[in-house]
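Structure first, then comments.
The values are calculated or read from the model by the stated rules, or taken from the named source; none is laboratory data. Quick caveat: nothing in here was measured; it's all calculated off a predicted structure. No Cβ is skipped: glycine too gets one built from the backbone with ideal geometry, and neighbour counts run over all protein chains shown. These area figures cover heavy atoms from the full protein model, side chains too; ligands, DNA and RNA do not enter into them. Shrake-Rupley method; radii C 1.70, N 1.55, O 1.52, S 1.80 Å.
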Amino acid sequence: PEPISSLVLAFGLGLLSAAISRALYTALGWASLRYDAIALADGNTLGLLAYSMLAIGPVEELAKMLPFLALVLWHREMDEPIDGIIYASFVALGYAAVENLIYLQFLTPYEAAARGFAGPVVHILFASIWGCTIGCAHIRGDSVLRGIAGGFLVAAGLHGLYDFMVLQ
């Protein structure tokens, strides 16, 4: 069992990851690469697909992964392969909590309830992918960079595809 304090720390890192995500989206705006996904869904299916796959998925997964890498990987409790999944999941829960709070103002009660269920589940699912690959590489003493690259690409791609389908 993981210490409660470590899980709370990972959740707190997830709250921080929401601020990182916001900063990354702001940087996309500075580079003139920030688009309104809802507007793209209304008339530019290919544009929405590209934005989902190249911006939404990568930005959100990177935002969650950075705090995980900065602290959790070097945490002494990270001593079993499944710990990567556990700690990545708690980071994802923190991220989803902030994201859901932000979206509440735009949603009907029914949409808010659906998002309240789906948001944490999908964020945990995607973070678990890179959490597993990074955690396993760390425990085996392999290159964490390989674990990052493989897990991140799969998670970001699936995340982007999911958002594309939901926004359609």
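Of all residues in the stretch 37-55, those that are more than 22 Å from Tyr95 (Cβ to Cβ), surrounded by 14 or more Cβ atoms within 10 Å (Cβ to Cβ) and not hydrophobic (A, V, I, L, M, F, W, C) total 1. Can you tell which of Ile139, Ile86 is under 18 Å from the mean Cα position of the chain (by Cα), aliphatic (A, V, I, L, M) and over 17 Å from His159 (Cβ atoms)? Criteria check complete, one pass: Ile86.
Give the stretch 79-90 a look and list any residue that's open to solvent by 10 Å² or more (accessible area, probe 1.4 Å) and among the aliphatic types (A, V, I, L, M), or say none. If the condition is that a residue be open to solvent by 10 Å² or more (accessible area, probe 1.4 Å) and among the aliphatic types (A, V, I, L, M), then Ile82, Ile85, Ile86 are the ones that fit.
Give the residues of the stretch 103-124 that are open to solvent by 40 Å² or more (accessible area, probe 1.4 Å) and without any contact (Cβ under 8 Å) to a residue 12 or more places away in the chain, sorted by residue number. The answer is Leu104, Gln105, Phe106, Leu107, Thr108, Pro109, Tyr110, Glu111, Ala113, Ala114, Phe117, Val121.
Quick one: how many residues across the stretch 91-102 are open to solvent by less than 30 Å² (accessible area, probe 1.4 Å) and more than 23 Å from Pro3 (Cα to Cα)?
First, pick out the residues of the stretch 91-102 that are open to solvent by less than 30 Å² (accessible area, probe 1.4 Å): 91-92, 94-96, 99-100.
This time we only want the ones that are more than 23 Å from Pro3 (Cα to Cα), so: 99-100.
Final tally of qualifying residues: 2.
Selection over the stretch 13-28 of residues that are more than 14 Å from the chain's Cα centre (by Cα) and within 14 Å of Ser89 (Cα to Cα) gives a count of 0.
The set of residues in the stretch 125-135 that are open to solvent by 30 Å² or more (accessible area, probe 1.4 Å) and touching a Pro at 6+ places or on another chain (Cβ under 8 Å) contains only Cys132.
The set of residues in the stretch 1-36 that are crowded, with 18+ Cβ neighbours inside 10 Å and of a type in the set (Gly, Ala, Ser) comprises Ser6, Ala10, Gly14, Ser17, Ala18, Ser21.
Okay, residues lined up against (1) hydrophobic (A, V, I, L, M, F, W, C); (2) closer than 26 Å to Leu40 by Cβ:
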{"site": "Leu73", "(1), (2)": "yes, no"}
{"site": "Tyr95", "(1), (2)": "no, yes"}
{"site": "Thr108", "(1), (2)": "no, yes"}
{"site": "Val121", "(1), (2)": "yes, yes"}
{"site": "Gly135", "(1), (2)": "no, no"}
{"site": "Gly141", "(1), (2)": "no, no"}
{"site": "Leu161", "(1), (2)": "yes, yes"}
